[in-house]
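Take a look at the structure below.
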Amino acid sequence: MNARPRVVIVEDHALTRAGLRTALEASSDVVAEAADGPLGLETILRERPDVAVVDIGLPGFDGIELTRRLRESGAATHVVIVTMVDAPGEVLAALAAGADAYCVKTSEPERIVDAVHLAAEGGAYFDPQIAQIVLAHVAGRDRTNQSQTANDSPLTPRETDVLRLIAEGRGNNEIAEQLYIGYGTVKGHIRDILEKLSAADRTQAAVTALRKGYI
């Protein structure tokens, strides 16, 4: 991956768009901007950037619909959702649509920059408060009919077990006890999981695995 990912910004407020450009230009190439959903989709499909930074509340159709249509098109562009919205329904809808990262506009600029680079590398970034919403959903869902881990998962069966317990909010000691393995072994599995999923921390790893269907 290019050390400077190519980025398209889709945001309807000019001032916010300018702020995002300023934050990103130090380490990314912002190749285009758009101010509504239809133009944003058209621009992304034309420019084929590595990452699209997309607001949810767009005119025409929203950022979730843009993400869904982009995924249906088969485009390889990764999507970073940036919004003031932190309602659980919006978060889970963005995840289901195929967003790779989710930041709130009150985030420090450095977090948004990190999210763009992680997404460009195939990883995921969800703001900590957003990640907790996602993981609460995972922990609360009915696992009776849970499907098997995706065949293309890079994780071993044991790493998958560890990650499922992380998603349920278990600490390292609890994971060790439940899986009958040592505390140091758990830490080793987590280290390998983070590397395989290009995740910054265990919460990000769990969200990445959920998005990709590994857990």
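Bear in mind that the values in this text are calculations on the coordinates, not laboratory data. What you see is a predicted model, and the numbers here were worked out from it, not measured in a lab. As a convention, Cβ positions derive from the backbone with ideal geometry for all residues, glycine included, and neighbour counts pool all protein chains shown.
For the stretch 22-48, what are the residues that are of a type in the set (Val, Ile, Thr), surrounded by 16 or more Cβ atoms within 10 Å (Cβ to Cβ) and part of a helix (DSSP H, G or I)?
Those that are of a type in the set (Val, Ile, Thr), surrounded by 16 or more Cβ atoms within 10 Å (Cβ to Cβ) and part of a helix (DSSP H, G or I): Thr43, Ile44.
Residue-wise test of (1) in contact with a strand residue (DSSP E or B) (Cβ under 6 Å, 6 or more places away or on another chain); (2) without any contact (Cβ under 8 Å) to a residue 40 or more places away in the chain.
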residue	(1), (2)
Arg17	yes, yes
Glu25	no, yes
Val51	yes, no
Pro59	no, no
Ile64	no, yes
Ser73	no, yes
Val80	yes, no
Met84	no, yes
Val104	no, yes
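Taking the residues in the stretch 40-49 that are of a type outside the set (Lys, Arg) and in contact (Cβ under 8 Å) with a residue 24 or more places away in the chain as candidates, determine which candidate is nearest to Val113 (Cα to Cα).
Among those residues, the one meeting the criterion is Pro49.
Which residue is nearest to Gly213 (Cα to Cα), if the candidates are limited to the stretch 86-102 and must be without any contact (Cβ under 8 Å) to a residue 24 or more places away in the chain and part of a helix (DSSP H, G or I)?
Ranking the candidates gives Ala96 first.
Would you mind stating whether Ala26 is farther than 26 Å from Gln129 by Cα and under 18 Å from the mean Cα position of the chain (by Cα)? Steps first, please.
Values: farther than 26 Å from Gln129 by Cα: yes; under 18 Å from the mean Cα position of the chain (by Cα): no.
Taking the combined requirement at face value, the residue does not satisfy it.
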